[in-house]
Amino acid sequence: MQISDIETQLQELRQTATEAIAIAESLEKLEDLRINYLGKKGQVSKILGAMGKLSPEERPKVGAIANEVKQAIQANLDEKRSNLQAAEIVAKLQAETLDVSMPGVHRPQGKIHPLNGLIDRALDIFVGLGYTTCTGPEMESDYYNFEALNTPPDHPARDMQDTFYLPDGNLMRTHTSSVQIRYMEKNEPPIRIVAPGRVYRRDTVDATHAAVFHQIELLAVDKGLRFSDLKGTIKEFLRQMFGDLPIRFRASYFPFTEPSAEVDLEWNGKWLEVLGCGMVDPNVLQAVGYDPEKYTGFAAGFGVERFAMVLHQIDDIRRVYASDLRFLQQF
């Protein structure tokens, strides 16, 4: 093996590599060429394997030529890699280019239903006053819906809350007060809860009545609670809901509170009945195992639909259930 033979092979390899690199169409192909020419088992290494047959004086010369060839091949590889990467970026930009002058695709956004929005607003107020939200089943037993709330089977107040009875003896709850009983059975005072939910009554459907509607009720039980605490809570809730408007408490009757009151709000020059309230009847406290000599409590409740009709000036309660987008899109 002569030094001239090795030098010739290196120069031919340089020319071959330059031509192959020039026509490489991808980065993957370029990497294969790098390994083929400059890898540990590449063609340059194979040619240099014959250096062992050269004299010690000839080896440095061949090594210098080999380094020159490797640097030339590596320079061609680097240049080609830069060109391919730039081409990939250009192609990607062209593929992803958006025509900003074209009109956008419009998808109408959903809105919160007026009843859900009012429930969320009321719960935010009560949570801010220190109450905890809790819920319960809509299908109830007679005990939780009536008897535990001081309304025995022969009580005339049941006529006001006639409901839908099921074959198994259960019924659809007429108020969310049943949630209060279930909560008190599992928790000791002091308690502050607010119970929203759907309720059912056998009402004739008209502009102001529905057989299915929504209620929010609150309950507080602790030592030393008085009617003045109830009034302060109701006044603050109505102030945050309606603003600083005159309100009044009228004596009323509910079987589960004593004394009881209806609350009116002066709205647009007229008195509107907005909710009912009262101090928890001792019989209700006894039913859940509370000592009425030790604890007192107050409760209040209102219909969400009635509040929505007042705040949104809705003339017919049936509109909130008709699923008419012309109506719902106003909120």
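The values are calculated or read from the model by the stated rules, or taken from the named source; none is laboratory data. No experiment lies behind these values; they were computed from the predicted model shown. All Cβ positions, even for glycine, are placed from backbone atoms using ideal geometry, and neighbour counts span all protein chains on display. These accessible areas exclude ligands, DNA and RNA; they are computed on the full protein's heavy atoms, side chains included. Shrake-Rupley method; radii C 1.70, N 1.55, O 1.52, S 1.80 Å.
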**Item:** Per DSSP, loop trypsin sites (Lys or Arg not before Pro) in the stretch 222-320 with at most 13 further Cβ within 10 Å
**Value:** Lys223, Arg226, Lys294
**Asked** With all pairs of different alpha carbon atoms counted, what Kirkwood hydrodynamic radius in Å does the stretch 221-320 show?
**Response** 14.7 Å
**Fill in**
Taking Lys186, Lys46 and ranking on accessible area (1.4 Å, protein atoms only), highest first, one gets Lys186, Lys46
**Asked** Rounded to two decimals, what ratio of Rg to Rh does the stretch 146-268 give with C-alpha atoms and a Kirkwood Rh?
**Response** 0.97
**Request:** Could you pull the Rg and Dmax for the stretch 136-187, using just the Cα atoms, both in Å?
**Result:** 10.6, 31
**Asked** Expressed in nm to one decimal, what extension gain is obtained for the pair Phe164 and Ile112 from 0.36 nm per residue of sequence separation less their Cα-Cα distance?
**Response** 15.8 nm
**Request:** Report, in whole Å, the centroid distance computed from the Cα atoms of the stretch 106-178 and the stretch 247-277.
**Result:** 19 Å
**Fill in**
With all protein chains present and a 1.4 Å probe, the order of Thr151, Thr97 from largest accessible area down is Thr97, Thr151
**Item:** Longest DSSP-loop-exposure-free segment, GluC sites (Glu not before Pro), the chain, at most 12 other Cβ within 10 Å
**Value:** 58-292
**Request:** Return the distance in nm (one decimal) between the two label points of a simple spin-label model at Glu147 and Ala75, each offset 7 Å from Cα along Cα→Cβ.
**Result:** 10.1 nm
**Request:** Between Arg250 and Val105, take the C-beta separation as r, use R0 = 41 Å, and let me know the FRET efficiency to the nearest 0.05.
**Result:** 0.15
**Prompt:** Assuming a viscosity of 0.890 mPa s and a temperature of 25 °C, what translational diffusion coefficient in µm² per second does Stokes-Einstein assign to the stretch 97-189, Rh being the Kirkwood radius over Cα pairs?
**Reply:** 143 µm²/s
**Request:** With all protein chains present, calculate the accessible area of Ser26 using a 1.4 Å probe and round the result to the nearest 10 Å².
**Result:** 40 Å²
**Item:** For the chain, the spread of Cα positions along each principal axis, largest first, Å
**Value:** 122, 51, 46
**Fill in**
Binned at 10 Å starting from 0, the alpha-carbon pair-distance distribution of the stretch 1-138 in whole percents comes out as 9, 23, 14, 9, 7, 7, 9, 9, 7, 4, 0
